[in-house]
Every structure is written in C-alpha cells, then in structure tokens.
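Okay, structure first, notes after.
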Amino acid sequence: MNEIPLEKIVQLVVSAVVDELTKRGVKVSESAISGSISQNIVQSGQLTGFKTKSEKIDLSNFRSPVLTENHIKRLHQLTAEIIIPRKTVITPKAREAIKRQNISIRFEN
C-alpha cells in the first residue's frame with residue numbers, strides 16, 4: 001500500500017477547491033493559495049469564509065441586561081457565537097436576528 005504524505009493530500013485538496021472556486025467566479029488571492037485560505041477568499045468584495053468568531057457582548061451598563069437587535073447588527077459578519085450574562089433578556093427582534101444569522105448563544109456563569 002502506498003503512503004501519501006498529509007502535506008500532499010492538503011495540497012491536492014486545496015488545488016481542487018481553488019480550481020472549483022475559480023470556475024464559480026470567486027477570486028482567490030495568492031496568499032490564500034499559499035496559506036491562510038478562508039480569510040482571503042473574496043467574492044464581490046465580501047468574505048465567504050466560515051463563521052468562526054465568538055464575541056462577548058458587554059451589557060454591564062444595564063441594571064437588568066437586555067440584548068437588542070442593534071447589538072446583533074453590530075457583530076462581525078463571521079460571528080458564530082455570542083457570550084452574554086445569565087438572565088439577559090433577549091428582545092424578539094434580537095432573537096429573530098440571531099436565528100436569521102445562525103448565531104448560537106452562550107451564557108456566562
């Protein structure tokens with residue numbers, strides 16, 4: 001049985017993905033090909049990477065913390081998770097925005 005080094009497998013996969021993205025009209029920068037792929041794939045000026053960011057929302061100014069739609073609108077586009085204090089009240093509009101953007105909620109201890 002032949003062994004293929006992991007580096008070679010990664011190189012083949014990256015090459016195939018870059019070829020497919022190019023066929024679909026996505027521009028891939030040189031630095032993406034040589035290293036940090038998900039952050040450099042650009043289509044129409046927008047990032048198309050995976051959502052990986054986790055953001056803690058500071059609600060310390062509130063006596064009773066309230067999460068609003070505005071808080072959600074200000075999040076980075078790659079935010080996948082928000083961290084908020086326990087017992088935070090989430091407004092209906094904020095809940096809709098969270099669901100629409102597929103963001104998970106983690107409560108602080």
Revision key, fill the gap. Looking across the stretch 52-62 at residues that are among the charged types (D, E, K, R) and in contact with a strand residue (DSSP E or B) (Cβ under 9 Å, 6 or more places away or on another chain), the single one that is surrounded by the most Cβ atoms within 10 Å (Cβ to Cβ) is 55
Check your understanding: Could you list, in sequence order, the residues of the stretch 63-106 that are exposed (fewer than 12 other Cβ atoms within 10 Å of the Cβ), more than 14 Å from residue 53 (Cα to Cα) and touching a strand residue (DSSP E or B) at 6+ places or on another chain (Cβ under 6 Å)?
Key -> 86
Review point. Has the stretch 73-90 got at least one residue that is at pLDDT 85 or above, assigned to a helix (DSSP H, G or I) and acidic (Asp, Glu)?
Key: no
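Quick check, is residue 27 of a type outside the set (S, T, N, Q), modelled with pLDDT under 80, closer than 23 Å to residue 101 by Cβ and surrounded by 10 or more Cβ atoms within 10 Å (Cβ to Cβ)? Can you show your working first?
Details: of a type outside the set (S, T, N, Q): yes; modelled with pLDDT under 80: yes; closer than 23 Å to residue 101 by Cβ: no; surrounded by 10 or more Cβ atoms within 10 Å (Cβ to Cβ): yes.
No, not satisfied.
The values are calculated or read from the model by the stated rules, or taken from the named source; none is laboratory data. Only a predicted model underlies this, so the values are computations on that prediction, with no experimental measurement involved. Cβ: placed from backbone, ideal geometry, glycine included. Neighbour counts: every protein chain shown.
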